[in-house]
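The values are calculated or read from the model by the stated rules, or taken from the named source; none is laboratory data. Note that this is a predicted model, so its numbers are computed, not measured. Don't worry about glycine lacking a Cβ; one is built from the backbone with ideal geometry, like all the others, and counts go over all protein chains shown.
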Amino acid sequence: MPQGEGIALRDWLDADLPHMPSLFDVPDMAANTDLPSPFHADAFLVRIRRRRAQGIVDLAVTRDGREPLGLVALHGAIGVPGYAIGPAHRGRGMASRSLWLLTRFCHEELGFTRLRLSIVQRNVPSQRVAASAGYVRSDDDVVERPDGLGQPKLLETWQWIAPGTFA
């Protein structure tokens with residue numbers, strides 16, 4: 001599994017169940033991601049395993065391979081990553097380093113030359129994370145999709161293009 005930048009990504013484990021509510025059962029998580037509220041850890045593990053069969057990989061973000069602090073995800077067929085860090089672990093560059101680690105892995109190991117993020121239009125902290133990991137806002141149209149609460153959210157597209165690659 002990818003590691004570096006003080007981050008170790010790994011698969012989710014049944015042993016992670018007690019940590020999940022404090023990471024993901026918070027209002028801004030549902031508003032800015034597709035994680036449902038209320039959050040149910042058992043259902044989340046089922047979802048992760050189902051998504052893996054669909055080519056979407058969800059990994060736990062850790063410092064040392066132990067306690068999960070958040071997640072990164074990758075829809076491998078279309079090069080769309082995602083990230084979410086639990087509230088107690090924010091403000092320390094964890095999201096930026098996790099996204100950069102996943103981006104580097106996608107480029108160096110999987111051969112991606114372009115990755116695209118969907119970020120809620122007014123989610124300034126997530127926009128800062130994307131920018132710090134080398135992503136820029138694209139000219140694509142804003143798209144409306146439901147959030148984890150079933151409410152509409154407006155998504156901007158941000159992209160990372162490998163150095164030396166033409167847009």
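Points worth noting:
- The set of residues in segment 13-34 being in contact with a Lys or Arg (Cβ under 9 Å, 6 or more places away or on another chain) and of a type in the set (A, V, I, L, M, F, W, C) consists of Ala31 alone.
- Filter result for Glu144 (closer than 20 Å to Ile78 by Cβ, free of Cβ contacts under 8 Å to residues at least 12 places away in the same chain and over 14 Å from the mean Cα position of the chain (by Cα)): yes
- Residue within segment 41-54 that is surrounded by 15 or more Cβ atoms within 10 Å (Cβ to Cβ), closer than 27 Å to Ile161 by Cα and under 14 Å from the mean Cα position of the chain (by Cα) present: no
- Among the residues of segment 32-47, just one is within 14 Å of His19 (Cα to Cα) and among the charged types (D, E, K, R), namely Asp42.
- Segment 62-110, residues that are acidic (Asp, Glu) and farther than 20 Å from Asp16 by Cβ: Glu108, Glu109
- Boolean, Ala60 is within 14 Å of the chain's Cα centre (by Cα) and buried (at least 21 other Cβ atoms within 10 Å of the Cβ): yes
- Odd one out for Leu110, checked against (1) in a loop (DSSP other than H, G, I, E, B); (2) touching an Asp or Glu at 6+ places or on another chain (Cβ under 8 Å): (2)
- In segment 119-145, the residue that is surrounded by the most Cβ atoms within 10 Å (Cβ to Cβ) out of those that are polar (S, T, N, Q) and within 30 Å of Pro18 (Cβ to Cβ) is Ser126.
- Val143 passes every criterion in (1) out of contact with any Leu (no Cβ under 6 Å at 6 or more places or on another chain); (2) hydrophobic (A, V, I, L, M, F, W, C); (3) modelled with pLDDT under 95 apart from (1).
- Within segment 150-164, the set of residues being within 30 Å of Pro38 (Cβ to Cβ), exposed (fewer than 15 other Cβ atoms within 10 Å of the Cβ) and either modelled with pLDDT under 85 or within 18 Å of the chain's Cα centre (by Cα) (or both) comprises Gly150, Gln151, Leu154.
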